[in-house]
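**Q** Below you'll find the structure I mean.
None of the figures in this text is laboratory data; all of them are computed from the coordinates on show. Bear in mind the structure is a predicted one, so any value in this text is a computation, not a measurement. Backbone-built Cβ (ideal geometry, glycine too); neighbour counts: all protein chains shown.
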Amino acid sequence: MQPGLFVSFEGIDGSGKSTQARALADHLRGRGHDVVLTREPGGSDGAEAIRRLLVEGDPDRWSPETEILLFNAARRDHVEKTIQPALARGAIVITDRFADSTRVYQGVARASLRPLVDQLHDLVIGLEPDLSFVIDMAADVALARGLARDSGEDRFEELGLGFQQALRAGFLDLARAAPERFCVIDGARASEVVARDVAARIEARLHG
Ligand code: ADP
Ligand code: TYD
């Protein structure tokens, strides 16, 4: 058992995860909590180096199997160097994406690879968030928001609207299958409204 609290934000590209993860970190720090805000792929020096291999370049740069291995390599480093130490000292860890992204992105792109995703997770990660927010919204609106950022990290966004729609359905399926861990949030509202909704759910979890 971990003394801290492990929270993830999940959802399709451009849905507002980073915005909401930051807002929740600010909210909780304002209330005196020790908060570590982090992200995937990345969140530790080694994982950030692997991130560049994953988010830049041609959509078909890696085979699906290689891609799954790279995400797990990055995640293992992130867990060892950043997440576990923070949870062990009792911090609240907020991560912008975690293993559900691999289940959905790599599982949806190649559904036959979901067993490999699950086996690798059990073998080398074996950690789940205590609470996962799915920021849910229509894929076309999220895609326009994401591409408007012009971040140079659009390898997955470039797979198109149909892919983002399938991802949205994938996140909602995961949430339905594990309602005790997931909280689906309507991300189509103004960001302050979404943030208030998220903060209320966290407060209920911390004090409820
Ligand atoms: P994600 O991390 O899910 O890709 P971001 O938080 O980076 O999403 O948001 C994507 C873009 O949409 C950013 O330019 C951000 O400022 C904007 N954005 C985030 N939340 C909202 C919102 N609720 N309404 C309108 N625009 C938003
Ligand atoms: P991220 O920086 O969160 O992208 P965005 O801000 O656009 O949501 O993640 C980079 C990309 O990596 C994103 O398109 C989703 C993808 N990804 C996977 O395919 N599998 C994974 O396990 C993770 C963590 C991310």
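**Q** In debye, nearest 20, what is the charge dipole magnitude of the chain about its Cα centre with +1 on Lys and Arg Cβ and -1 on Asp and Glu Cβ, if you could check?
**A** The calculation lands at about 480 debye.
**Q** Could you work out how far apart the two model spin labels at V141 and E80 are, taking each label as a point 7 Å from the Cα in the direction of the beta carbon, and quote it in nm?
**A** Calculated label separation equals 4.2 nm.
**Q** Quick check: residue separation of R149 and D173 times 0.36 nm, minus the Cα distance between them. What number comes out in nm?
**A** Extra length from R149 to D173 when fully extended: 5.8 nm.
**Q** Using θ = phi - 60° and the Karplus form 6.51 cos²θ - 1.76 cosθ + 1.60, what ³J(HN,Hα) does each residue of segment 107-123 get, whole Hz, x for Gly and Pro?
**A** In residue order, the calculated couplings are x, 6, 4, 9, 4, 5, 8, 4, x, 5, 4, 5, 5, 4, 4, 4, 6 Hz.
**Q** Quick check on the chain: of the DSSP beta bridges with both residues there, what percent are antiparallel, nearest 5%?
**A** Bridges in the chain are about 0 percent antiparallel.
**Q** Moving on to the next point. For R89 and D122 in the same chain, what is the full-extension length gain: residue separation times 0.36 nm, less their Cα-Cα distance, in nm?
**A** 9.5 nm
**Q** First obtain the Kirkwood hydrodynamic radius of segment 1-78 from its Cα pairs, then insert it into the Stokes-Einstein equation at 25 °C and 0.890 mPa s, and state the resulting D in µm² per second as a whole number.
**A** Here the translational diffusion coefficient equals 172 µm²/s.
**Q** Continuing with the same structure: Would you mind calculating the gained length between V193 and S63 on full extension (0.36 nm times residue separation, minus the Cα-Cα distance), in nm to one decimal?
**A** 42.8 nm
**Q** So, one more: Among H33, H207, what is the fewest-to-most ranking by other Cβ atoms within 10 Å?
**A** In increasing order of surrounding Cβ atoms, one gets H207, H33.
**Q** Taking 8 Å as the Cα distance limit and 6 or more residues as the minimum spacing, I'd like the relative contact order of the chain as a percentage.
**A** The value is 33 percent.
**Q** Can you give the net charge of the other residues whose Cβ lies under 13 Å from the Cβ of R22, counting K and R as +1 and D and E as -1?
**A** 0
**Q** Also, I was wondering about something else. What's the Cα-based Rg to Rh of the chain, Rh via Kirkwood?
**A** Using Cα coordinates only, the ratio equals 0.94.
**Q** For a protection proxy built on the mean count of beta-carbon atoms within 10 angstrom, sort 191-203, 101-113 highest first, please.
**A** Result, highest mean Cβ count within 10 Å first: 101-113, 191-203.
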